[in-house]
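This report concerns only the one structure given below.
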């Protein structure tokens, strides 16, 4: 897969800018987008070059590439047991259908499979790639405990795709964290019970001495 154009390599007059959290900023001059990226300590990354104007997102591209490379190494180690599943979304999807499809994505990720998420644009929807980026960002955020974005949103004609890779370590870490907290609570309960028992023993001993 070709790497996207970033920063000064984006040679267009203006871009439709998406913020680091997926928020829509609007159409801005590319020099203004580069200035915003520099002020935020981020990179300007072109995610939909075929759009008019192209869609670019503010992100830490170095961190993204590092995490993607780590995920790719993990994926290669588990390649024999990993399959690529595909889930298709429409741009105009209601909340119920979104939750249903998100459930399928979560099930595949929990099975250890990668998921290729595809948005199919209809008609004039092709002129709204930023809406596709926001929808895919929403999905990535909501399954963030189970997955990392291995391939960020990219538009190819009438389709926009993103690949999610399972990160069970995150879920395992959360479970371990919950177990650790429960163990700590249990230890505190045991200590309180021990202190209470000792206090009762001291009180009983003192009472016997008085007698």
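The values are calculated or read from the model by the stated rules, or taken from the named source; none is laboratory data. In this text the structure is predicted, and so the values were computed from the model without any measurement. Quick reminder, even Gly has a Cβ in these numbers, built from the backbone with ideal geometry, and neighbours come from all protein chains shown.
Details
- Residue in the stretch 65-86 that is in contact with a helix residue (DSSP H, G or I) (Cβ under 9 Å, 6 or more places away or on another chain), surrounded by 12 or more Cβ atoms within 10 Å (Cβ to Cβ), at pLDDT 85 or above and more than 27 Å from residue 36 (Cβ to Cβ) present: yes
- Any hit, the stretch 8-18, residues being surrounded by fewer than 21 Cβ atoms within 10 Å (Cβ to Cβ), outside any loop (DSSP other than H, G, I, E, B) and at positive phi: no
- Within the stretch 30-58, considering residues that are closer than 13 Å to residue 4 by Cα and in contact (Cβ under 8 Å) with a residue 60 or more places away in the chain, the one surrounded by the most Cβ atoms within 10 Å (Cβ to Cβ): 57
- Criterion violated by residue 145 - all others in (1) in a helix (DSSP H, G or I); (2) at pLDDT below 90 satisfied: (1)
- The combined condition, being closer than 23 Å to residue 121 by Cα and modelled with pLDDT under 95, is not fulfilled by residue 27.
- Of residues in the stretch 39-65 being out of contact with any strand residue (DSSP E or B) (no Cβ under 9 Å at 6 or more places or on another chain) and not in a loop (DSSP other than H, G, I, E, B), the one farthest from residue 149 (Cα to Cα): 39
- Any hit, the stretch 66-84, residues being within 14 Å of residue 153 (Cα to Cα) and either outside any helix (DSSP H, G or I) or within 23 Å of the chain's Cα centre (by Cα) (or both): yes
- Taken over the stretch 127-139, the residue count meeting the criterion of being part of a helix (DSSP H, G or I) and surrounded by fewer than 19 Cβ atoms within 10 Å (Cβ to Cβ) is 4.
- Pairs where the first residue, in the stretch 116-130, is in contact (Cβ under 8 Å) with a residue 40 or more places away in the chain and the second is assigned to a helix (DSSP H, G or I), C-beta under 6 Å, 6+ apart: 119/132
- Residues of the stretch 90-122 that turn out to be closer than 25 Å to residue 25 by Cβ and part of a helix (DSSP H, G or I), as a count: 2
- In summary, residue 27 fulfils each of the numbered conditions (1) free of Cβ contacts under 8 Å to residues at least 60 places away in the same chain; (2) assigned to a helix (DSSP H, G or I); (3) surrounded by fewer than 16 Cβ atoms within 10 Å (Cβ to Cβ) with the single exception of condition (2).
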